[in-house]
Amino acid sequence: MIIIEGTDLLGKTTLARELLTWLHRCGFPHVYCHFTKLSIGFDRYWHYLPWINRYSVTDRFYMSRVAYGRALNNQDVCTHTEMKMLDAHVALVGGLTAVCVANDDMWLYNRCKSNPKIEMYNADEIVAVNRQFKDLLESNELSYDVVIRVEEDNWPAVHAGKIQSAYLTKQDQLSDVYDRRPSASLRPKVNMYDPLC
């Protein structure tokens, strides 16, 4: 699973589609998923779980919910415990999270104002979300693997190679762990109700 996080207008979708093309060329059966505005009643923990699988490239996920929620004063953001639990599920499938942030908020603001494409959020909101992503990276509240600092002449797609390399390393590590799994007859017998185990 590869998750591409970040605010609007930073080239996440282009990057995700480029990664998907590369994965298909390498024989990985990944599919593209895009989390945009979530439906009413979308649970901030349980409704993410079915989307965590080894074979997807996901454009935004629960980190976006936190960044957008905080920037736009939405109270329905994931709790610290829920974020750590979701991080653990992503780790179990060898997931990799890349976060795109703009280095220059003024450049991003001007890009938002001049962009003819219709976005769900205005320029002030997009810049506020970008700052929340920066805060999340600095605070280490969430797990991530690759940070892409987007500048006017440095778009995320040029970093596809770095993500590909990190992804293959993670898959090798995951395969190594599963290859070492002992057979059922060799697994330790543990009584989960025994406090000494």
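Output the number of residues of the range 100-129 satisfying the condition of being out of contact with any helix residue (DSSP H, G or I) (no Cβ under 6 Å at 6 or more places or on another chain), within 17 Å of residue 64 (Cα to Cα) and either surrounded by 14 or more Cβ atoms within 10 Å (Cβ to Cβ) or of a type in the set (Lys, Arg) (or both). Steps first, answer last, please.
If we filter the range 100-129 for residues that are out of contact with any helix residue (DSSP H, G or I) (no Cβ under 6 Å at 6 or more places or on another chain), which is where we start, we get 103-104, 106-107, 110-111, 114-122, 124-125.
So of that shortlist, the ones also within 17 Å of residue 64 (Cα to Cα) come out as 119-122, 124-125.
Next cut, either surrounded by 14 or more Cβ atoms within 10 Å (Cβ to Cβ) or of a type in the set (Lys, Arg) (or both) only: 121, 125.
Result for the range 100-129: 2.
Can you tell me which residues in the range 1-24 are part of a loop (DSSP other than H, G, I, E, B) and either closer than 23 Å to residue 173 by Cα or not acidic (Asp, Glu) (or both)?
Quick first cut of the range 1-24, residues part of a loop (DSSP other than H, G, I, E, B) only: 1, 7-11.
Selection gives 1, 7, 9, 10, 11.
Go through the range 91-138 and give me each residue that's among the acidic types (Asp, Glu), assigned to a helix (DSSP H, G or I) and within 22 Å of residue 159 (Cβ to Cβ). Write out each step before concluding.
Initial filter on the range 91-138 (among the acidic types (Asp, Glu)): 104-105, 119, 124-125, 135, 138.
When the remaining residues are screened for being assigned to a helix (DSSP H, G or I), the result is 105, 124-125, 135, 138.
Selection gives 105, 135, 138.
List, please: which pairs have Cβ atoms under 7 Å, are six or more places apart or on different chains, and start with a residue in the range 139-150 that is among the small types (Gly, Ala, Ser) and end with one that is outside any loop (DSSP other than H, G, I, E, B)?
From residues that are among the small types (Gly, Ala, Ser), the pairs are 143/87; 143/97.
Only residues that are small (Gly, Ala, Ser) and over 15 Å from the mean Cα position of the chain (by Cα): list them for the range 125-169, please.
Narrowing the range 125-169 to residues small (Gly, Ala, Ser): 128, 139, 143, 157, 160-161, 165-166.
Passing the criteria: 128, 139, 157, 161, 165.
Kindly indicate the residue of the range 69-99 that is among the charged types (D, E, K, R) and at pLDDT 90 or above and also surrounded by the fewest Cβ atoms within 10 Å (Cβ to Cβ) among those meeting that condition.
The first filter runs over the range 69-99 and keeps only residues among the charged types (D, E, K, R), leaving 70, 76, 82, 84, 87.
Of the ones still in play, those that are also at pLDDT 90 or above are 70, 82, 84, 87.
On the way: 70: 18, 82: 18, 84: 13, 87: 18.
Result: 84.
Any idea which of 41, 27 is modelled with pLDDT of 90 or more, small (Gly, Ala, Ser), in a loop (DSSP other than H, G, I, E, B) and exposed (fewer than 12 other Cβ atoms within 10 Å of the Cβ)?
On the way: 41 fails: modelled with pLDDT of 90 or more.
Result of the check over 41, 27: 27.
Could you list all residues from the range 44-68 that are surrounded by 13 or more Cβ atoms within 10 Å (Cβ to Cβ) and among the aromatic types (Phe, Trp, Tyr)?
45, 48, 51, 61, 62, 68
I want to confirm something. Restricting to the range 149-178 and keeping residues that are touching a Leu at 6+ places or on another chain (Cβ under 8 Å) and either assigned to a strand (DSSP E or B) or polar (S, T, N, Q) (or both), which single residue is farthest from residue 92 (Cα to Cα)?
Going through the qualifying residues, I end up with 150.
The values are calculated or read from the model by the stated rules, or taken from the named source; none is laboratory data. Values in this document were obtained by computation on a predicted structure and should not be read as measured data. Note that each Cβ is placed from the backbone with ideal geometry, even for glycine, and that neighbours are counted across all protein chains shown.
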